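Have a look at the structure below before the remarks.
What follows draws every value from the coordinates through simple rules; no lab data is involved. Note that this is a predicted model, so its numbers are computed, not measured. Don't worry about glycine lacking a Cβ; one is built from the backbone with ideal geometry, like all the others, and counts go over all protein chains shown.
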Amino acid sequence: MTTTDTSAPPALDTQLDFLRAMIEIRSFEDECHRMFAQGLVRGSTHLCQGQEAVVVGACRALREGDTMSCTYRGHGAVLAMGSALDRSFGEILGKAKGLCGGKGGSMHLTDMERGVLGSFAIVGAHLPIATGAAFAARYRGTGAVTLCFFGDGATNIGAFHEALNLASIWRLPAIFVCENNLYGEYSPIATTTPVERLADRADAYAMAKARVDGNDVLAMHAAVAEAAARGRAGEGPTLIEALTYRQKGHSRSDPASYRPEGELEAWLERDPILLCERALREAGIAQERLDGVRAAAERSVDEALERAKGWPDPDPATRLEHVYA
Amino acid sequence: MTEITYKQAITRAIGDALEADGDVFLFGEDVGAAGGAFKTTDGLFERFGPERVLDTPISEQAIVGCAIGAAVQGLRPLAEIMFADFAGVCFDQIATELAKYRYMTNGQVALPVTIRMANGAGAGFGAQHSQAVENWFLNVPGLKIVVPGTPADAYGLLRAAVEDPDPVLYFEHKGLFNVKGELGEAPARVELGRAEVVRAGEHVTVVATQLMRHRALEAAEALSGEGVAVEVIDPRTLVPLDLETIGASIDRTNLLVVVQEAPPGGSWGASLISALMQERFEMLDAPPLLIATDETPVPYAGPLEAAHLPSAERIADGIRRTLAY
């Protein structure tokens, strides 16, 4: 969480940090995919390979005291806020030292110390909660903003509309980021949604909007920095549509065979990590340094996973804790 | 001591809660300038201003979600859902977000949320505005459920609810708004989970809440002329439930009658009887009796609604049959 200057792109060192964060998320998700295949993890998982630039660009435009909420496809967003790799793995593995002590799992990573209000698994349900977090910031005059990620499918559920409407009439410092990855579960967005530009939903709430290349980490960063400045200035919420692509299926049981031929390949050419590396090379960063960033990121993920795997399971008695205060 | 109505007790409790703690804010549909659909928030907007008493759109999901988000950021939201029936519109927010948020994050968040809702039948509002909604939430751990039946309880339980660290659903009964009772200058809070023995008696234990508490008292009065001493207990909160007080009464009377304003299935009365049967089967001299409504929606016309709800006469008859077993 570094710069909030909306006028200039972040320094190259900061951009290298973005790259490292994206590679960590990619590597983390690839490991999750393997862990599921190996039967190490329960239930289901929803991976975000291909969408790393959205969360890294957005979260790194926040500052201390800001908050973030996301969906069950939220590993990347949580890591982008700076949550520990090992405790995130630990939660997915159901370990006592996981972020939620093994009570949450893959779909509910939460880390209040990092401003991560939670990962929510009912589509759209956390948008009103984000509105409430933004209300608290305004009520207390903290100057904080809250960032809320959700998918394209969420724009068709009632909670989306109620949350945006309330945030707009109260001019709350909320930034709603729609990750338009073209599919709501298994259905292409065009079959479920009559508007092509989801950002245009903002017009119904007289809300500021932006449509951004979600695979361009700097574009995401700039858009969120601008929205955050708007929120902090008391000028209300923003809806950002981030155009991106889910490189894997909806969940671990989905091979995504419904995708038209060539679609995945075309998007892989616009992979956000490749794009970021290319831009950094063009800015004069040596390939060797980029390779070093990649190696360091992958190593930290590997080491974190090894640590988490070694942690003990939760004591069954802890299942009775935290129902009430 | 002055005599005030149940409705006035609620207004006073809200005002005192707002006065006592700057983190408390009141919001809901028409709670502000209009003073509430039932005038339970009359004068509070003028007294505390638009920052702390806020009108919302007709958006129950946004109301409850906003309460959740504000609570996890340190505020004490006091939300109003105008008719308790509208809880169905925001059931996800109450049952799946609010009730589980603390648990699935392993206690990382506090949810001191109070949701007030106008509950119950008897006033001719028809099937969609008359339900005894408290029963819907009995099977959802993480919520506390409060059902005041008198002005003193309405005041004392609301103050306790707002100060409670957990989510509290506070049901105010529409049929009791004009019931009068004494309230002192500095009225006491009523601890959640503490039943009240409203009328002492040695022959039979009758448990009832809200409107049925008053009808049970009428029945007890009628039966006293027949030499029957009825003990009437009002649990006042259904979660937590004071089984101890009710159980101790049964140990003395050996007879149990439960009166509720709801169909029998999946209700608090059925749960109470089940719990007591498991603990005290041998203490009972007769089968426990559940006096409930018909298993139909609440009808509109006066004679139909009157026949639907347990009357004092029906309650007295039930008690007589239990005594005669």
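Using the number of other C-beta atoms within 10 angstrom as an exposure proxy, rank B:I4, B:I10, A:I129 with the fewest first.
Numbers: B:I4 20, B:I10 26, A:I129 31.
So the residues, fewest neighbours to most, are B:I4, B:I10, A:I129.
Longest segment of chain A with no GluC sites (Glu not before Pro) in a DSSP loop having at most 16 other Cβ atoms within 10 Å?
Numbers: sites that count: A:E64, A:E185, A:E196, A:E235, A:E261, A:E321.
Counting only loop sites that pass the neighbour cut-off, the longest clear stretch is A:65-184.
Treating the beta-carbon of each Lys and Arg as +1 and of each Asp and Glu as -1, no other charges, what is the dipole magnitude of the protein assembly as shown about its Cα centre, to the nearest 20 debye?
The calculation lands at about 480 debye.
So what is the orientation-averaged projected area of the range A:1-76, using the convex hull of its C-alpha atoms, in nm²?
That works out to 5.8 nm², a quarter of the Cα hull's surface.
Taking a 27 Å limit on the Cα-Cα distance, which of the listed pairs A:K248/A:K309; A:K95/B:K144; B:K7/B:K144; B:K39/B:K180; A:K95/B:K100; A:K97/B:K100 fall beyond it?
Values: A:K248/A:K309 24 Å; A:K95/B:K144 29 Å; B:K7/B:K144 21 Å; B:K39/B:K180 16 Å; A:K95/B:K100 19 Å; A:K97/B:K100 20 Å.
Violating the 27 Å Cα-Cα cut-off are A:K95/B:K144.
Angle, helix B:243-253 long axis vs. longest principal axis of chain B, Cα atoms, 0 to 90°, nearest 10?
Tilt relative to chain B: about 20 degrees.
Nearest 20 debye, what's the magnitude of the dipole of the range A:143-243 about its Cα centre given +1 on Lys and Arg Cβ and -1 on Asp and Glu Cβ?
340
Against the empirical 2.2 N^0.38 Å scaling, what ratio does the C-alpha Rg of the protein assembly as shown come to? Don't skip to the answer; put the middle values down first.
Working: Rg = 27.9 Å, N = 650, 2.2 N^0.38 = 25.8 Å.
Taking N as the residue count of the protein assembly as shown, the ratio is 1.08.
Give the distance, in whole Å, between the Cα centre of the range A:32-61 and the Cα centre of the range B:268-286.
Spelled out, the Cα-based centre of one part sits 50 Å from the other.
For chain B, with a Gaussian network of springs between Cα atoms less than 10 Å apart, report the residue from B:E182, B:E163, B:E282 with the top mean-square fluctuation.
Among B:E182, B:E163, B:E282, the largest GNM mean-square fluctuation belongs to B:E282.
Relative to the longest principal Cα axis of chain B, at what angle does helix B:312-324 sit, 0 to 90 degrees, rounded to 10?
The helix B:312-324 is inclined about 40 degrees to chain B.
For the range B:2-183, what ratio Rg/Rh do Cα atoms give with a Kirkwood hydrodynamic radius?
Using only Cα positions, Rg/Rh for the range B:2-183 is 0.94.
Looking at chain B, what % of its DSSP beta bridges pair antiparallel, to the nearest 5?
Roughly 20 percent of the DSSP beta bridges within chain B come out antiparallel.
Only four residue types carry charge here, +1 at the Cβ of Lys and Arg and -1 at the Cβ of Asp and Glu. Report the dipole size of the range A:12-308 about the Cα centre in Debye, rounded to the nearest 20.
It comes to approximately 880 debye.
Just to confirm a number: summing +1 for Lys and Arg and -1 for Asp and Glu over residues other than B:S267 whose beta-carbon lies under 12 angstrom from that of B:S267, what do you get? Walk me through the numbers on the way to the answer.
Values: positive: none; negative: B:E134, B:E261, B:E295.
Spelling it out: positives minus negatives among the neighbours equals -3.
Of all beta bridges DSSP finds with both residues in the range B:196-324, what is the antiparallel percent, to the nearest 5? Don't jump to the answer; show the numbers that get you there.
Numbers: 3 of 14 bridges.
Restricted to the range B:196-324, the bridges split so that about 20 percent are antiparallel.
Which residues in the range B:196-227 have a backbone N closer than 20 Å to a point placed 7 Å from the Cα of B:M283 along the Cα-to-Cβ line?
Output list for this probe position: B:196-209.
Looking at the protein assembly as shown only, what percent of DSSP beta bridges run antiparallel? Nearest 5 please. Display every interim value, and only then the final one.
Numbers: 12 of 70 bridges.
Close to 15 percent.
Report the FRET efficiency, 1/(1 + (r/R0)^6), for B:E46 and B:S274, where r is their Cβ-Cβ distance and R0 is 56 Å, rounded to 0.05. Kindly include the intermediate steps, with their values, before the conclusion.
On the way: r = 48 Å, r/R0 = 0.86.
After rounding to 0.05, the efficiency reads 0.70.
Taking the Cα atoms only, what angle lies between the long axis of helix B:6-20 and the longest principal axis of chain B, rounded to 10 degrees?
Once rounded, one gets 40 degrees.
Which residues in the range A:203-220 place their backbone N less than 13 Å from a point set 7 Å from the Cα of A:T14 along the Cα-to-Cβ direction?
Those under the cut-off are A:218-220.
What list of ³J(HN,Hα) couplings, whole Hz, do you get for the range A:259-266 from phi and the Karplus terms 6.51, -1.76, 1.60, once you set θ to phi - 60° and write x for glycine and proline?
6, x, 4, x, 5, 4, 4, 4
According to a simple spin-label model (label point 7 Å from Cα along Cα-to-Cβ), what is the distance in nm between A:A296 and B:E226?
8.6
Among B:A33, B:A70, B:L169, which residue has its Cα furthest toward the positive end of the charge dipole of the range B:2-183, with +1 on Lys/Arg Cβ and -1 on Asp/Glu Cβ?
In the range B:2-183, that residue is B:L169.
What FRET efficiency, computed as 1/(1 + (r/R0)^6) with R0 = 22 Å and r the Cβ-Cβ distance, is obtained for B:E244 and A:E321, rounded to the nearest 0.05?
0.40
Per residue of B:102-115, count partner chain C-beta atoms within 10 Å of its C-beta, then hand back the mean as an integer. Display every interim value, and only then the final one.
On the way: counts 6, 9, 13, 15, 15, 8, 12, 5, 1, 2, 1, 1, 0, 0.
That average works out to 6.
Can you give me the Kirkwood hydrodynamic radius for the range B:196-324, using every pair of distinct Cα atoms, in Å to one decimal?
On the way: mean 1/r = 0.0687 Å⁻¹.
By the Kirkwood definition, the hydrodynamic radius is 14.6 Å.
Would you mind checking the range B:60-96 for residues with the amide N under 16 Å from a putative spin-label position 7 Å along Cα→C-beta of B:D30?
Answer for this model: B:60, B:80-87.
Say we join alpha carbon atoms closer than 10 Å with springs in a Gaussian network model of chain A; which of A:P194, A:P312, A:P260 then has the biggest fluctuation?
A:P260
Nearest 0.05, what FRET efficiency do A:E196 and A:Q287 give at R0 = 30 Å with Cβ-Cβ as r?
Numbers: r = 39 Å, r/R0 = 1.29.
Efficiency at R0 = 30 Å is approximately 0.20.
Other chains' Cβ within 10 Å of B:54-63 residues: what's the mean? The partial results should precede the final answer.
On the way: counts 4, 1, 5, 4, 1, 10, 3, 12, 14, 5.
Other-chain Cβ atoms within 10 Å of each residue's Cβ, averaged: 6.
Can you tally the net charge around B:M104? Count Lys and Arg as +1, Asp and Glu as -1, for every other residue whose Cβ sits under 11 Å from the Cβ of B:M104.
Counting the neighbours of B:M104, the net charge comes to +1.
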